[in-house]
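The values are calculated or read from the model by the stated rules, or taken from the named source; none is laboratory data. Computed from a predicted model, the values in this text were never measured in an experiment. Neighbour counts are summed over all protein chains in view; Cβ atoms, including those assigned to glycine, are modelled from backbone coordinates with ideal geometry.
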Amino acid sequence: MTVHGSRACVACGEGGLAVINVDAPTPPHLVGALDTAGRAYGVAWSGQHLFVADEDGGLIVFRARQRADLDADGDVDQADFARLQRCFRGAYVPQADPACAVARLDADDDVDDRDLRMMLACMRGSNIEPSPSCGPPE
Ligand SMILES: [Ca+2]
Ligand SMILES: [Ca+2]
Ligand SMILES: [Ca+2]
């Protein structure tokens, strides 16, 4: 088992990988699971990467995605900004377009200046890995 921020990743053998939210004060609960090819027997975090050792599947590497990396290409740049801008409707205006779900960076249902500020805090430019501390990785 390995803990990364509020997430604990557990190797469950036949069951693959389980991701558990261990953020206090809520009781720990399952937030994700992945069935690997064989029996997962080890997990480890290194920087932005999660390594899973699997008996049949070999070593599987996952990369943590920054929430602000809307197009999931590993950086926070103009392309991500443009996407947020297209979804921008302002405070208290619900943004229900499924294509804009990723642009709702904070917990509410609008895309407004708070979401924009969260993105700007993470923005480093094209092909530059965003700082892991600028927001919780997904
Ligand atoms: Ca990006
Ligand atoms: Ca918002
Ligand atoms: Ca990019």
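Run down ALA91, ALA99 and say which single residue is in the same structural domain as LEU116 (by TED's automatic domain parsing) and touching a Lys or Arg at 6+ places or on another chain (Cβ under 8 Å).
ALA91
How about region 2-53: which of its residues are in a loop (DSSP other than H, G, I, E, B) and out of contact with any strand residue (DSSP E or B) (no Cβ under 9 Å at 6 or more places or on another chain)?
ALA24, PRO25, THR26, PRO27, GLY47
Could you please give the count of residues in region 29-57 that are surrounded by 12 or more Cβ atoms within 10 Å (Cβ to Cβ) and under 16 Å from THR2 (Cβ atoms)?
17
How many residues does region 58-77 contain that are away from ligand 1 (no atom under 16 Å from the Cβ) and surrounded by 15 or more Cβ atoms within 10 Å (Cβ to Cβ)?
Residues that pass the stated criteria total 2.
Can you tell me how many residues within region 43-89 are away from ligand 2 (no atom under 16 Å from the Cβ) and over 21 Å from the mean Cα position of the chain (by Cα)?
5
Tally time: how many residues in region 83-110 are in a loop (DSSP other than H, G, I, E, B) and under 18 Å from ARG65 (Cβ atoms)?
Residues flagged as in a loop (DSSP other than H, G, I, E, B) and under 18 Å from ARG65 (Cβ atoms) within region 83-110 amount to 4.
Look at GLY57 and say whether it is farther than 18 Å from SER131 by Cα and in the same structural domain as GLY13 (by TED's automatic domain parsing).
When the stated conditions are applied, GLY57 passes them.
Within region 91-112, can you find the residues that are surrounded by 12 or more Cβ atoms within 10 Å (Cβ to Cβ) and near ligand 2 (Cβ under 9 Å from one of its atoms)?
Once the filter is applied, which keeps residues that are surrounded by 12 or more Cβ atoms within 10 Å (Cβ to Cβ) and near ligand 2 (Cβ under 9 Å from one of its atoms), region 91-112 yields GLN95, ALA103, ARG104, LEU105, ASP106, ASP108, ASP109, ASP110, VAL111, ASP112.
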